[in-house]
Amino acid sequence: MSDHATHNDKVRVGQVKEITSLSNPVIKDIRALSMKKHRDETGTFLAEGLKLVIDAIELGWSIRTLIYAKGQRGKDQVEKIAALTIARGGLVLEVSDKVLTAITRRDNPQAVIAVFEQKLAALEAVRMAPDDTWVALDRVRDPGNLGTIIRTADAAGAAGVMLIGDTVDPFSTETVRATMGSIFAVPLVRVSEAEFLAWSKKAEPLVVGSHLKGSVDYRSIGYKGRPVILLMGNEQQGLPDTLAKACGKLARIPQTGRADSLNLAIATGVMLFEARRHLLDLAEPAATGKTPS
Ligand code: SAM
């Protein structure tokens, strides 16, 4: 990332840079993260919101740049993450509202945002234990669907999400926003269809394909005590035969009414909460580490 200040921009004591100019090259670089090409080249992405940034750091994600609105200066939590970012060799920018609006392309931007290094898990490192559930998505196209699925996988206690074939970028701003922070909690694996097929043959999980022509009611499957992959089809084309053939079960969610199918994220949610029903208990909110509201 380039690092030249314009004449308007100052470096404050403690290595915090004050930036008000949209033409500052550092800001130009950060704005370019809205493009996949730039995210791929730099291996970074943008996340918005103080809570999200704190969670990400706590979960061990590497922060490259912390950006906050001028009004946040002196706030305890902001100063703490600023110090931590500097200690880890990152950059801290205190910016005007105009700059924040330009970076996030939103009228009411979050007051704290950050650039993080991307992180994906390797397929070879995936070891499935009984009752582990992974979601596998075939060529998912819609960023909102992917983000919602990552968030839902987190809420249902899934072990991770596999992205098969040519999928939308999980680190796009739209996907990251839709995950509501779960992008930092749910391991993601990228695989080709061939890699997925070879791996599932070897690892032997129960692969449940979610299919409009499935002959099995999704509620009748014995998920308990088994490692399970929930394999979901592409939004337009559904599951191709090559993947459907690799499934131990082809499950259908019974529908009534006029809709041909459910939205992919909704279908994934329905499947996930059924597959993990025996593991989810209202009486034990502490198991999620979160306080009930
Ligand atoms: N036109 C596509 C088709 O023919 O499969 C519709 C795909 S649907 C929008 C996206 C994915 O959601 C499907 O591939 C399937 O995995 C899942 N899905 C949606 N409705 C479902 C249902 N009633 N039963 C099982 N899976 C469903």
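Read-outs throughout are calculated quantities, based only on the coordinates presented, and are distinct from any laboratory measurement. Here the structure is a predicted model, which is why all the values come from computation and not from measurement. A quick note on method: Cβ atoms are made from the backbone with ideal geometry, for glycine too, and the neighbour counts reach across all protein chains shown.
Here's how it looks for Asp132: its modeled amide H is under 5 Å from those of Val228, which are all 5 or more places away or on a different chain.
Spacing of the modelled spin labels on Lys98 and Lys119, each 7 Å from Cα toward Cβ, amounts to 3.7 nm.
Indicate, rounded to the nearest 5 percent, the antiparallel portion of the DSSP beta bridges found entirely in region 16-117. Could you put the intermediate results ahead of the total?
Working: 10 of 19 bridges.
Around 55 percent antiparallel, to the nearest 5.
Residue separation times 0.36 nm, minus the C-alpha to C-alpha distance between Lys224 and Lys70: what's the value? Don't skip to the end; give the middle numbers.
Numbers: separation 154, 0.36 × 154 = 55.44 nm, distance 5.18 nm.
Result: 50.3 nm gained on full extension.
Beta-bridge orientation, the chain: approximately 30 percent antiparallel, per DSSP, counting only bridges with both partners inside.
Can you tell me the dipole magnitude for the chain around its Cα centre, using point charges on the Cβ only (Lys, Arg +1; Asp, Glu -1), in Debye to the nearest 20? Could you put the intermediate results ahead of the total?
Values: 38 positive and 34 negative charges, 37 e Å.
Using only the charged Cβ atoms, the result is roughly 180 debye.
Scalar couplings 3J(HN,Hα) for region 125-135, obtained by applying the Karplus form with A = 6.51, B = -1.76, C = 1.60 to θ = phi - 60°, are 7, 7, 10, 8, 9, x, 6, 6, 10, 10, 9 Hz; x denotes Gly and Pro. Annotation: amide H of Thr44 within the under-5 Å range of Gln118, sequence separation 5 or more or interchain, hydrogens built in the peptide plane. The residue among Gln255, Ile164, Gly233 whose Cα reaches farthest toward the positive pole of the charge dipole of region 123-279, with charges on the beta-carbon of Lys, Arg, Asp and Glu, is Gln255. Beta bridges per DSSP, both residues in region 123-279: antiparallel share near 5 percent. A simple rule links phi to the HN-Hα coupling: the Karplus curve 6.51 cos²θ - 1.76 cosθ + 1.60 with θ = phi - 60°, which for region 234-240 gives 5, 4, 8, 9, x, 7, x Hz, with x for Gly and Pro. The amide H of Glu18, built 1.01 Å from its N in the peptide plane, has Lys10, Val11, Arg12, Glu94 as neighbours under 5 Å, considering only residues 5 or more places off or on other chains. When Asp138, Asp166, Asp154, Asp241 are sorted by how many other C-beta atoms sit within 10 angstrom of their C-beta, beginning with the fewest, the order is Asp241, Asp166, Asp154, Asp138.
A simple spin-label model places the labels of Asp260 and Arg127 4.4 nm from each other, with each point 7 Å out along Cα-to-Cβ.
With runs of 4+ DSSP H residues as the only contributors, calculate the mean residue ellipticity of the chain at 222 nm using -39,500 (n - 2.57) per run, divided by the residue total and rounded to the nearest 500. Spell out each step's value before the answer.
Values: 10 runs with 91 residues, N = 293.
When only DSSP H runs of four or more count, the value is -9000 deg cm²/dmol.
Taking the Cα centre of region 123-279 as origin and assigning +1 to Lys and Arg Cβ atoms and -1 to Asp and Glu Cβ atoms, the resulting dipole is close to 460 debye. What is the sum of charges, Lys and Arg at +1 and Asp and Glu at -1, for the other residues whose Cβ falls under 13 Å from the Cβ of Val270? Net local charge, Val270 excluded: +2. For region 102-136, run through the trypsin sites (Lys or Arg not before Pro) and keep only the ones in DSSP coil with at most 13 other Cβ atoms within 10 Å of their Cβ. Here the trypsin sites (Lys or Arg not before Pro) that fit, given the DSSP loop and packing criteria, are Arg105, Arg106, Arg127. Find the relative contact order for region 16-117 and round it to a whole percent, using C-alpha pairs within less than 8 Å whose residues are 6+ positions apart. Dividing the mean separation by the residue count of region 16-117 yields 45 percent. Residue-wise HN-Hα couplings along region 143-154, as the Karplus relation 6.51 cos²θ - 1.76 cosθ + 1.60 with θ = phi - 60° gives them from phi, are x, x, 4, 4, x, 5, 5, 4, 4, 5, 4, 4 Hz; Gly and Pro carry x.
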